[in-house]
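The values are calculated or read from the model by the stated rules, or taken from the named source; none is laboratory data. What you see is a predicted model; the values in this text were computed from it and never measured. Counting neighbours? That spans all protein chains shown, and the Cβs are built from the backbone with ideal geometry, glycine included.
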Amino acid sequence: MAKTDESDIRIISAAEKARVESEITRLEKKRVQLTSKLGETGGDYRENAAFQDLDAEIQHTIRTINMHRGTLAKSVVGVSENEQHPYLGQRLIVTMPPSREEIVYEIVPADQVDPGAGKVSVTAPISSAIRNKTPGQEFEVVLGSKKEKNAPKVRYKFERVEKS
């Protein structure tokens, strides 16, 4: 299996994920029905337009199912009903104790990341570190690789999440 880097990941809503899963289920049922009809053609594909049409439709249905499965495999649900978690289209408001100066990080798609402008992806270290925190809690973000024994860390205090 090929590695997926952050730019390959597509952020979708929970509703979009449910819609794609429902479409896969519908197409799977259609594929079974078409395969059953194909058997009714007698299996003689020579000069048999009905057989060829059904076979083409089955192949198209299978390609569409695989496309949807690929979409789900490269997707992350990026909208949470709990707004205290950082997701696409929201801004994280943090401070660096003991300072009370607020720092704002906007959560954006991977192709719009600009750390200098405070735009980070949903999979960025700060987004991951704050994911299970509630306002008022402090947390650390490891700079660089987490595998490094003495990797530097930055301490933040989670203030709030706002919609962009």
Counting just the residues of the stretch 1-29 that are at pLDDT 85 or above and among the aliphatic types (A, V, I, L, M), which one comes out farthest from Asn48 (Cα to Cα)?
Ala18
How many residues are outside any loop (DSSP other than H, G, I, E, B) and either exposed (fewer than 15 other Cβ atoms within 10 Å of the Cβ) or small (Gly, Ala, Ser) (or both) when one looks only at the stretch 126-141?
5
